[in-house]
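The values are calculated or read from the model by the stated rules, or taken from the named source; none is laboratory data. Fair warning: this is a prediction, and the values are worked out from it, not measured in the lab. A quick note on method: Cβ atoms are made from the backbone with ideal geometry, for glycine too, and the neighbour counts reach across all protein chains shown.
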Amino acid sequence: MPGARHYLDHAATTPMRQAAVDAWVEHSGAGNPGGQYASGRAARRALDDARDLIAELLGADPVEVIFTGSGTEADNLAVTGLFEASPLERVVSTPIEHPAVLEPVKALGLSGAQVELLPVGSDGRVFDLRALDTPAAVACCMWANNETGALQPISEVIARSSAAGTPVHVDAVQVVGHLPVDFRMLGATTLAASAHKFGGPRGAGLLLARRSPAPAAVLHGGGQERGIRPGTPDVASAAATAAALREAVGEISAETARLSALRDRLRGGILSQVDEVMVHTVEPALPGHLHLSFPGAEGDSLIMLLDAAGVEASTGSACASGVNRASHVLLAQGVSECDTRGAVRFTLGRTTTEADVDKVLAVIGDVAERARTAGMAG
Ligand code: PLP
């Protein structure tokens, strides 16, 4: 009989909430919300209800809520669309963005844009924001890093960019549903979120986009979602996203306290048992993140040994796993290439219990020792 599994990779994806499953099932038969007959109008009503609820929960106007097919899509539409909408050819971003922002920024650079990246300190936060004082087509900064959980000085980034007249895109995929978000107060131009990070369905994202400046169309089609994300909307996913977000937002303060206590116990227990562990998650950070390196071990060996012991964690970015590449995030914060290779990210979430932490603490000493004995590959 296999033992219980202990899932500690909630930043990669988190289980769907029952409220989201129920909403999805309820609306799974919805028709095309563009239809001018009864079933079309019913689908439109369900879509509008989801939009209204999301807008209210995130401090946005309903017209500012755009349903997309993923967080990646929301990021791409915003970064490329805001660039295309501007006469300027300059982009400011950070070297620690998720590939969903990093890659479109890189593509803009390859097609002639002047790209400038803000420097990052050893705490995983951008500092020295002077590059934002010169006008640009778009500035992009994530709110919280997906690997380390580090919270970026997002208000300052937005204030400095806005003072220069630069539109700002915020990748808030790790933040929405985990920390309070008020789009109006934040002052960003666009903001990306992803439903599967807060208990909604996978393959469903959100882009909040102010009326002006709005991203230019990157996809061309039937004009749905203000023409920013054309295509027949997925009503069931929109309803499930709204249901998940309502529950997640209602739990934020209790979950922040509960998860940071569990995370602190996990960190303390690991540091007391294993020598020379590097902690990459530095406050202020998301409450459920703990990113560490075990120098002398390969991250992939650690993950495999943890998996064999029933613990599911990752080396960092889900998108990069399977390929043992040094994390661009850790390199940017000054960690040596060798030390990045021994990285493991534990991320706690809604279903995490004391038993999950106990399990890691029961096996980590042995896992670290065995991975260090196996040593580094080539
Ligand atoms: N941005 C960040 C910070 C993320 O963590 C992720 C997912 O890991 C994404 C964007 C992409 O979201 P999605 O998986 O919905 O495409």
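When the residues of region 44-54 are narrowed to those that are aliphatic (A, V, I, L, M) and away from the ligand (no atom under 16 Å from the Cβ), which ends up surrounded by the fewest Cβ atoms within 10 Å (Cβ to Cβ)? Once the filter is applied, the top-ranked residue is Leu53.
Candidates are the residues of region 144-179 that are of a type in the set (S, T, N, Q) and touching a Phe, Trp or Tyr at 6+ places or on another chain (Cβ under 9 Å); the one that is nearest to the ligand (Cβ to nearest atom) is Gln174.
Evaluation of Leu219 against the conditions (1) assigned to a loop (DSSP other than H, G, I, E, B); (2) touching an Asp or Glu at 6+ places or on another chain (Cβ under 6 Å) shows that the sole unmet condition is (2). From the list Val279, Val311, the lone residue that is of a type in the set (Val, Ile, Thr) and touching a residue at least 40 places away in the same chain (Cβ under 8 Å) is Val311.
The C-beta contact set for region 131-147 (first residue closer than 13 Å to Val101 by Cα, second residue among the aromatic types (Phe, Trp, Tyr), distance under 8 angstrom, 6+ apart or interchain) comprises Val138/Phe83.
For region 352-378, filtering for residues that are exposed (fewer than 13 other Cβ atoms within 10 Å of the Cβ) and either touching a Ser or Thr at 6+ places or on another chain (Cβ under 9 Å) or under 17 Å from His280 (Cα atoms) (or both) leaves 2. For residues that are part of a helix (DSSP H, G or I) and in contact with a Leu (Cβ under 6 Å, 6 or more places away or on another chain), scanning just region 55-76, find the one that is surrounded by the most Cβ atoms within 10 Å (Cβ to Cβ). Ranking the qualifying residues of region 55-76, first place goes to Ala74. Looking only at region 97-124, count every residue that is more than 11 Å from the ligand (Cβ to nearest atom), touching a helix residue (DSSP H, G or I) at 6+ places or on another chain (Cβ under 7 Å) and part of a helix (DSSP H, G or I) and tell me the total. Looking only at that region, the number is 3. Here Thr94 meets each of (1) away from the ligand (no atom under 16 Å from the Cβ); (2) closer than 27 Å to Val120 by Cα with one exception, condition (1). Could you tell me whether region 188-201 includes any residue that is part of a loop (DSSP other than H, G, I, E, B), within 16 Å of the ligand (Cβ to nearest atom), surrounded by fewer than 24 Cβ atoms within 10 Å (Cβ to Cβ) and not β-branched (Val, Ile, Thr)? Yes: region 188-201 contains one or more residues that are part of a loop (DSSP other than H, G, I, E, B), within 16 Å of the ligand (Cβ to nearest atom), surrounded by fewer than 24 Cβ atoms within 10 Å (Cβ to Cβ) and not β-branched (Val, Ile, Thr).
Of the residues Arg345, Arg267, only one is surrounded by fewer than 23 Cβ atoms within 10 Å (Cβ to Cβ), among the basic types (Lys, Arg) and not assigned by the TED database to the domain that holds Thr148; which? Write out each step before concluding.
Values: Arg345 fails: surrounded by fewer than 23 Cβ atoms within 10 Å (Cβ to Cβ).
The conditions single out Arg267.
Being among the polar types (S, T, N, Q), surrounded by fewer than 16 Cβ atoms within 10 Å (Cβ to Cβ), free of Cβ contacts under 8 Å to residues at least 12 places away in the same chain and in contact with a Pro (Cβ under 9 Å, 6 or more places away or on another chain) is the requirement here; does Ser272 meet it? Criteria not met by Ser272.
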